[in-house]
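Written below as structure tokens is the structure these notes are about.
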Amino acid sequence: MAAKKITGYDVNKVREDFPVLTREVYPGVPLIYLDSAATSQKPKAVIKAMSAYYQDTNANIHRGIHKLAEEATYAYESARERIAAFINAPSSEELIFTRNTTESINLVAYSWGRAFLKAGDRILLTEMEHHSNLVPWQMLASELDLELDFIPVTPDGLLDLDIYEQQLKKGPKLLGITHMSNVLGTVNPLEQILLDAKAAGAVTLVDGAQAAPHFQVDISKLAADFYAFSAHKMCGPTGIGVLFGKKDLLEKMPPFLGGGEMIKRVELRSFKTNDLPHKFEAGTPAIAEAVGFGAAVDYLSELGMDQIERHERSLTGYAIEKLSQISDLHILGPDIEEKGGVVAFYIKDIHAHDVAQILDSEGIAVRAGHHCAQPLHTKFDLPATSRASLYLYNTREEVDRLIDGIHKVKNIFA
Amino acid sequence: MDDFYRELIIERYKTPHFRGVLDPHDISYEDDNPACGDHIQIDVRLDENGIVTEALFSGEGCAISQASADLLLESIIGKMVDDIKKLSKEDILENLGIELGPVRLKCALLPLKVLKAGIYGIEKTERSD
């Protein structure tokens with residue numbers, strides 16, 4: 001990739017790229033969007049790319065010989081190449097388009113899991129996984145009679161790596177792990193974790209949904225056999241995500257969904273699968289969404305992932321500092337050194353839903369609930385938390401407004 | 001919005017009148033609201049005529065769900081089980097005195113859902129006996 005010019009990060013200029021950020025939520029109440037871990041807002045570049053695709057190109061891909069079909073195919077495949085380059089993947093044929101991270105993980109569980117696992121095999125996950133990296137394995141475990149183990153989370157929100165080393169001795173066939181927790185914000189030290197798993201003979205799968213949007217993911221430096229993420233959390237559209245998979249594994253795996261595009265030849269009673277990556281992309285895919293996803297990674301690359309990470313880190317540090325000063329408010333997860341831009345918190349005796357509702361009246365969008373990580377909340381004995389998640393367009397002024405809003409919550413419940 | 005957290009709701013959330021568990025009980029049921037992690041259990045005692053004599057709730061949740069449970073239980077003391085079955089969304093909103101969007105409506109209606117499920121559950125048991 002070309003060297004990025006190191007200039008100051010002008011967040012106000014970045015904000016101009018996001019039309020929704022100018023709207024008012026209620027009359028006279030501007031939007032403060034602190035829910036990007038759920039889904040990010042979309043820049044003009046992405047909205048325009050998708051709109052232009054529908055206005056000027058729109059055709060089905062790969063089959064047609066006509067001009068529009070060729071252009072659509074190019075747009076779709078070019079997006080795949082740019083996304084592969086974005087994570088420094090060795091080749092774009094290892095990048096499969098799916099609906100989202102969840103579908104990517106389900107693809108691995110369904111296809112790889114059913115073909116290569118048998119009764120009594122162990123799968124190692126962590127206690128901080130999102131439901132999307134728990135439930136597919138639970139389903140597979142009950143189908144194939146597998147054993148599930150979980151790397152414990154310490155009270156400071158880190159993985160207990162001593163116990164992990166013990167768990168590896170049981171010979172898990174797969175390690176499924178999140179790159180960054182969507183509740184604790186913990187960025188797991190994956191380089192060593194994955195190397196250890198590989199040394200123990202496990203296949204490795206990483207849920208990168210919260211990582212790829214926020215810092216440079218370099219797949220060539222991670223011993224990840226599978227790496228999944230979604231467009232919509234990184235400035236792209238909903239309805240599209242990717243599964244990166246090592247070629248040798250993908251080639252050995254049976255197909256996931258059957259239908260058009262994933263075949264090379266079909267007879268009445270048999271079929272021959274297509275080459276990678278098409279083997280795993282049955283049916284007409286989300287073409288415009290792929291175009292939007294491509295525009296999103298272009299946008300992020302132009303801003304520079306290093307710059308984005310630096311901005312978010314500084315903002316997260318500021319948010320933690322300010323929130324820590326509020327009495328009866330507790331922040332989940334580790335210190336800033338090991339944390340991304342996700343700040344989940346609870347206020348003594350005030351339910352997270354009430355916090356979110358009152359903040360909403362101030363135009364502040366946060367998330368309340370268990371954030372699809374219910375076992376983690378159970379572990380910390382919390383029914384729900386509020387979560388402010390920060391992204392490349394958020395500002396210190398917005399954090400200040402959040403703090404004001406929380407004081408209002410506390411006054412109402414005082 | 002300030003209506004939303006009207007005094008009654010905050011007061012019932014902070015100092016509920018019908019909080020606790022009943023053991024023994026004639027009806028007991030619990031359920032969750034998966035969207036937000038609210039959890040409510042309701043225990044009810046009936047007299048020989050099927051009239052509610054005591055009712056308490058336990059569990060945790062937001063101010064809306066907790067206040068809704070408290071006000072609901074207050075409203076059913078002395079009522080026939082058959083009358084409780086007729087309670088609707090409107091009755092709950094009337095108890096709370098607020099309008100609610102679709103997400104928070106689930107919080108408000110969870111106690112009624114639990115109570116009705118308990119009632120229908122007990123009837124099923126009686127029938128199968």
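The values are calculated or read from the model by the stated rules, or taken from the named source; none is laboratory data. Quantities reported herein were computed from a predicted structural model and do not represent experimental measurements. Glycine gets a Cβ as well: all are built from the backbone with ideal geometry, and neighbour counts include every protein chain shown. Just so you know, the surface numbers come from the protein's heavy atoms only, side chains and all, with ligands and any DNA or RNA stripped out. Shrake-Rupley method; radii C 1.70, N 1.55, O 1.52, S 1.80 Å.
Just a few scattered comments:
- When the C-alpha to C-alpha distance is required to be over 24 Å, the pairs from A:Lys118/A:Lys233; B:Lys14/B:Lys106; B:Lys79/B:Lys116; A:Lys322/A:Lys410; A:Lys48/A:Lys247; A:Lys173/A:Lys233 that qualify are A:Lys118/A:Lys233; A:Lys48/A:Lys247; A:Lys173/A:Lys233.
- Annotation for region B:35-70 versus region A:372-414: alpha-carbon center distance of 28 Å.
- Averaged over the residues of peptide A:347-357, the number of Cβ atoms from other protein chains lying within 10 Å of each residue's Cβ is 6.
- Which of B:His39, A:His353 is most accessible, then next, and so on - probe 1.4 Å: B:His39, A:His353
- All aspartates and glutamates inside 15 Å of B:Lys85 as judged from Cα atoms, apart from same-chain residues fewer than 8 positions distant: B:Glu123
- Counting, for every residue in B:58-67, the Cβ atoms of other protein chains within 10 Å of its Cβ and taking the mean gives 4.
- Only helices enter the 222 nm calculation for the protein assembly as shown: every DSSP H run of n ≥ 4 contributes -39,500 (n - 2.57), and dividing by all residues gives -11500 deg cm²/dmol, rounded to 500.
- Drop in accessible area of at least 20 Å² in the complex versus isolated chain, residues of region B:36-50, 1.4 Å probe: B:Cys36, B:Gly37
- Summed buried accessible surface, chains B and A, 1.4 Å probe, nearest 100 Å²: 1400 Å²
- Going by accessible surface with a 1.4 Å probe and the largest first, B:Arg19, A:Arg63, A:Arg401 read A:Arg63, B:Arg19, A:Arg401.
- The packing ranking of peptides A:29-36, A:177-184, highest mean first, is A:177-184, A:29-36, where packing means the average number of other beta carbon atoms within 10 angstrom of each residue.
- Sorted largest first by accessible area at a 1.4 angstrom probe radius, with every protein chain in place, the residues A:Thr57, A:Thr378 fall in the order A:Thr378, A:Thr57.
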